[in-house]
1. What net charge is computed for the residues neighbouring residue 130, neighbours being all others with C-beta under 10 Å from the C-beta of residue 130, Lys and Arg scored +1, Asp and Glu -1?
2. Taking every DSSP beta bridge that has both residues in the range 27-149, what percent is antiparallel when rounded to the nearest 5?
3. Helix hunt in the chain: which complete DSSP H runs extend at least 15 Å axially by C-alpha with mean Kyte-Doolittle at least 0.5?
4. Net charge near residue 84, counting Lys/Arg +1 and Asp/Glu -1 over other residues with Cβ under 13 Å of its Cβ?
5. Distance between Cα centroids, the range 1-35 to the range 81-159: provide it in whole Å.
6. In nm, give the distance between the simple-model label positions of residue 11 and residue 106, each being 7 Å from the Cα along the Cα-to-Cβ direction.
7. In debye, nearest 20: dipole of the chain around its Cα centre with unit charges on the Cβ of K, R (+) and D, E (-)?
8. Divide by every residue of the chain the summed helix terms, -39500 (n - 2.57) for each DSSP H run of at least 4, and state the resulting mean residue ellipticity at 222 nm, rounded to the nearest 500 deg cm²/dmol.
Amino acid sequence: NVSWLDEEQQQSYLDALRELVLPQTHVLVGNHKTLSDFLLPDWDADRPASPRELAVAAGQHGTAHVLVTGIALPNQFVDNVLATPAGPVTGEKFERFEVNFVGAGDTLSAGLAALLSVGAEIHSAVGEALSFLDQALDGGFRPGMGNVIPDRFFWALPPSEEEEAEMA
């Protein structure tokens with residue numbers, strides 16, 4: 001989101017991102033709306049762009065995969081889909097949280113990058129990174145009056161009394 005820049009600066013920034021960064025990108029991760037605005041700014045269909053259509057647009061700039069997050073589904077669920085220009089590769093559905101988070105996309109991107117850096121296959125790395133994000137969001141905390149922050153260290157905390165009782 002570069003809304004803090006004036007319109008001319010925004011366009012220059014986005015053009016540079018398309019020309020310089022996307023050709024070097026193995027997997028582009030982003031929210032459905034943000035990716036749609038960035039990759040398909042002139043989209044005028046009556047329906048939202050599909051993950052495949054976003055992957056085709058990213059592929060035209062050299063990006064192999066797109067992980068589209070936050071695709072709204074009925075009944076308080078969201079879908080997250082890894083796609084290539086050929087179509088969807090994998091995806092995971094999660095129940096929508098009723099709070100606003102800051103840092104969710106960063107948490108997902110960092111987790112995915114870490115898994116890919118140690119040689120994980122992209123489809124399994126996406127599943128594992130999404131699971132990590134879901135657990136980090138579930139353990140999220142509000143340090144003040146603002147948005148909730150994912151708890152990236154949920155795994156390092158000692159089990160609660162409830163969890164200990166379940167294990168016994």
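Quick note: the coordinates plus some simple rules give every number you see, no bench work behind them. Just so we're clear, the structure is a prediction, and the values are computed from it rather than from any experiment. In this analysis, Cβ positions are derived from the backbone assuming ideal geometry, glycine residues included, and neighbour counts consider all displayed protein chains.
1. Neighbour charge sum, excluding residue 130 itself: -2.
2. Around 70 percent antiparallel, to the nearest 5.
3. Qualifying helices: 104-117, 122-138.
4. 0
5. Centre-to-centre distance over Cα atoms comes out at 21 Å.
6. 3.1 nm
7. So the magnitude is around 380 debye.
8. For the chain, the value works out to -11500 deg cm²/dmol.
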